[in-house]
Amino acid sequence: MGTIWVRKAILQGINFALFVCAAVTLSGTVGLSAQFKIGGKEYAGILWGENDLLDPEFYEDGSLLRTDQDFILAAGRNWKGDPPGSKGSFEFDGQKIENSGLFNNEAVRILQTADSEKRKIAVRMLESGVRFDPSFFAFRYNLGRAYHLEKNYQKAVLQFEYASAEVPQYYRTYLHTGVLYELLNEPIQAVASYKKAVERNQFHTEALILLAEHYIKTDLKNRAKIYIQRALKIDENSPDAKLGLARLEILGGRDYYAYRIFRNTDLHDEQGNKRSYNKKFHFYFAETAGRIGDYVTAAKEYEELLKYPNDPFFTEFSLKIIERRRDLAKRFAEIKALDEESEKEQ
């Protein structure tokens with residue numbers, strides 16, 4: 001099984017080998033402390049600014065990183081090369097597994113194909129990995145993601161709860177538990193999870209917008225607006241914050257204003273790297289564009305959304321429906337273009 005190679009530019013790195021007083025697990029990963037300083041800056045556990053690059057001297061042999069489909073991969077020093085070998089071995093389908101990191105990465109490769117039949121194999125792999133090393137964060141997190149995709153929401157919550165117990169500082173775990181608790185109709189736990197995500201990372205706005213969406217769903221628009229404004233204070237150019245603003249315009253029946261917000265939102269940072277953002281952005285942009293008659297943009301945004309078949313969005317909304325809406329938007333765009341051409345000829 002080979003390591004999945006990915007560029008740092010599209011990843012939020014997670015270092016799991018930084019700390020002196022750390023407990024080594026079977027997989028060769030180590031524990032995480034609460035605060036540490038690098039270059040005069042203080043960071044909360046494994047979290048730092050999205051574009052902060054840390055000197056390799058702060059790394060030992062192992063690190064974790066996140067793919068743009070939000071799975072966790074294992075790597076070697078400074079996000080490069082093979083992850084370190086495990087402290088023990090286990091068997092899966094007759095094979096002896098001696099490197100949990102590579103085994104995890106192979107499961108992620110299968111999951112990212114978005115093939116529902118192959119996904120079952122990846123689920124078995126991760127379940128086997130968790131039995132071998134219950135403390136390996138990547139196994140827990142990815143199994144939670146896989147169960148979510150399989151719509152086994154209760155099982156998914158359990159895995160993310162275990163993951164948060166192993167690495168309580170990582171904010172995205174709480175984003176997932178929040179979404180899952182909403183799907184399980186447990187709004188109090190959902191709000192608590194989103195708030196934990198906000199507490200653990202002050203650089204990202206996604207948790208604030210998920211809180212806003214929760215209050216929009218429960219018809220508490222003023223409360224939703226508070227969280228959207230908080231997100232804008234953190235980053236006025238954040239796609240999540242802009243999504244929140246657009247959602248308020250849509251709710252007020254001001255589709256054209258929402259459309260303008262979407263069109264003027266840059267999904268890339270100043271270095272040209274794709275930002276981390278809620279993929280619902282593409283759905284609402286497409287829906288809004290369609291309502292004001294810009295079917296070309298609607299089709300384009302549906303197409304962009306379909307590039308993320310493993311996003312939690314598709315556990316709530318059918319992939320086939322989005323494909324049909326994309327095809328309809330393309331057809332309406334063709335009809336509109338023919339009508340405009342006909343008018344020019346007259």
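The values are calculated or read from the model by the stated rules, or taken from the named source; none is laboratory data. The model shown is predicted, which means the values in this text are computed figures rather than measured ones. Glycine gets a Cβ as well: all are built from the backbone with ideal geometry, and neighbour counts include every protein chain shown. Surface areas here come from the heavy atoms of the whole protein model, side chains and all, with no ligands, DNA or RNA. Shrake-Rupley method; radii C 1.70, N 1.55, O 1.52, S 1.80 Å.
In the stretch 249-279, which residues are open to solvent by less than 80 Å² (accessible area, probe 1.4 Å) and either in contact (Cβ under 8 Å) with a residue 60 or more places away in the chain or touching a strand residue (DSSP E or B) at 6+ places or on another chain (Cβ under 9 Å) (or both)?
To start, the set of residues in the stretch 249-279 that are open to solvent by less than 80 Å² (accessible area, probe 1.4 Å) comprises 249-253, 255, 258-259, 261-262, 265, 267-269, 272-279.
Those that are open to solvent by less than 80 Å² (accessible area, probe 1.4 Å) and either in contact (Cβ under 8 Å) with a residue 60 or more places away in the chain or touching a strand residue (DSSP E or B) at 6+ places or on another chain (Cβ under 9 Å) (or both): 267, 268, 269, 273, 274, 275, 276, 277, 278.
Looking at (1) open to solvent by less than 10 Å² (accessible area, probe 1.4 Å); (2) in a helix (DSSP H, G or I), which is the only condition residue 65 fails?
Here residue 65 meets the rest and fails (2).
Could you look through the stretch 332-346, keep only residues that are open to solvent by 60 Å² or more (accessible area, probe 1.4 Å) and touching a residue at least 12 places away in the same chain (Cβ under 8 Å), and pick out the one that is nearest to residue 298 (Cα to Cα)?
Just the residues of the stretch 332-346 that are open to solvent by 60 Å² or more (accessible area, probe 1.4 Å), to begin with: 332, 334-336, 338-341, 343-346.
Now drop any that are not touching a residue at least 12 places away in the same chain (Cβ under 8 Å), which leaves 332, 336.
Numbers: 332: 10, 336: 13 Å.
My answer is 332.
Looking at this structure, is residue 52 at pLDDT 90 or above, assigned to a loop (DSSP other than H, G, I, E, B) and either closer than 27 Å to residue 278 by Cα or open to solvent by less than 20 Å² (accessible area, probe 1.4 Å) (or both)? Walk me through it before giving the result.
Values: at pLDDT 90 or above: no; assigned to a loop (DSSP other than H, G, I, E, B): yes; either closer than 27 Å to residue 278 by Cα or open to solvent by less than 20 Å² (accessible area, probe 1.4 Å) (or both): yes.
Considered against the rule, which asks whether it is at pLDDT 90 or above, assigned to a loop (DSSP other than H, G, I, E, B) and either closer than 27 Å to residue 278 by Cα or open to solvent by less than 20 Å² (accessible area, probe 1.4 Å) (or both), residue 52 comes out as no.
May I ask you to verify whether residue 205 is of a type in the set (S, T, N, Q) and more than 21 Å from residue 282 (Cα to Cα)? Steps first, please.
Details: of a type in the set (S, T, N, Q): yes; more than 21 Å from residue 282 (Cα to Cα): no.
Here the answer is no, as residue 205 does not meet what is asked.
Taking the stretch 297-316 as the region of interest, how many residues are in a helix (DSSP H, G or I) and open to solvent by less than 30 Å² (accessible area, probe 1.4 Å)? Give the steps one after another, and end with the answer.
Here is the first cut: in the stretch 297-316, the ones in a helix (DSSP H, G or I) are 297-305, 313-316.
Among the residues that remain, those that are also open to solvent by less than 30 Å² (accessible area, probe 1.4 Å) are: 297-299, 301-302, 305, 313-315.
Of the residues in the stretch 297-316, 9 are in a helix (DSSP H, G or I) and open to solvent by less than 30 Å² (accessible area, probe 1.4 Å).
Looking at (1) farther than 19 Å from residue 248 by Cβ; (2) open to solvent by less than 50 Å² (accessible area, probe 1.4 Å); (3) in contact with an Asp or Glu (Cβ under 9 Å, 6 or more places away or on another chain), which is the only condition residue 203 fails?
Tallying (1) farther than 19 Å from residue 248 by Cβ; (2) open to solvent by less than 50 Å² (accessible area, probe 1.4 Å); (3) in contact with an Asp or Glu (Cβ under 9 Å, 6 or more places away or on another chain), residue 203 fails exactly one: (2).
Checking residue 246 against (1) open to solvent by less than 30 Å² (accessible area, probe 1.4 Å); (2) part of a helix (DSSP H, G or I); (3) within 24 Å of residue 228 (Cα to Cα); (4) free of Cβ contacts under 8 Å to residues at least 40 places away in the same chain, which test does it fail?
Unmet for residue 246, out of (1) open to solvent by less than 30 Å² (accessible area, probe 1.4 Å); (2) part of a helix (DSSP H, G or I); (3) within 24 Å of residue 228 (Cα to Cα); (4) free of Cβ contacts under 8 Å to residues at least 40 places away in the same chain: (4).
With the checklist (1) surrounded by 17 or more Cβ atoms within 10 Å (Cβ to Cβ); (2) over 23 Å from residue 70 (Cα atoms); (3) among the aliphatic types (A, V, I, L, M) in hand, flag the one item residue 322 doesn't pass.
For residue 322, the exception is condition (2).
Kindly indicate whether residue 88 is out of contact with any Lys or Arg (no Cβ under 6 Å at 6 or more places or on another chain) and open to solvent by less than 10 Å² (accessible area, probe 1.4 Å).
Numbers: out of contact with any Lys or Arg (no Cβ under 6 Å at 6 or more places or on another chain): yes; open to solvent by less than 10 Å² (accessible area, probe 1.4 Å): no.
The answer is no for residue 88.
When the residues of the stretch 222-243 are filtered to those that are of a type in the set (Lys, Arg) and farther than 9 Å from residue 208 by Cα, which remaining residue is most open to solvent (accessible area, probe 1.4 Å)? Steps first, answer last, please.
Initially, the stretch 222-243 is screened for residues of a type in the set (Lys, Arg), giving 223, 225, 230, 233, 242.
From what's left, farther than 9 Å from residue 208 by Cα: 223, 225, 233, 242.
Numbers: 223: 112, 225: 101, 233: 176, 242: 36 Å².
Only one residue fits best here, namely 233.
Of all residues in the stretch 132-150, which are of a type in the set (D, E, K, R) and without any contact (Cβ under 8 Å) to a residue 40 or more places away in the chain? Spell out how you get there, then give the answer.
Filtering the stretch 132-150 down to residues of a type in the set (D, E, K, R) leaves 133, 140, 145, 150.
Across the stretch 132-150, the qualifying residues are 140, 150.
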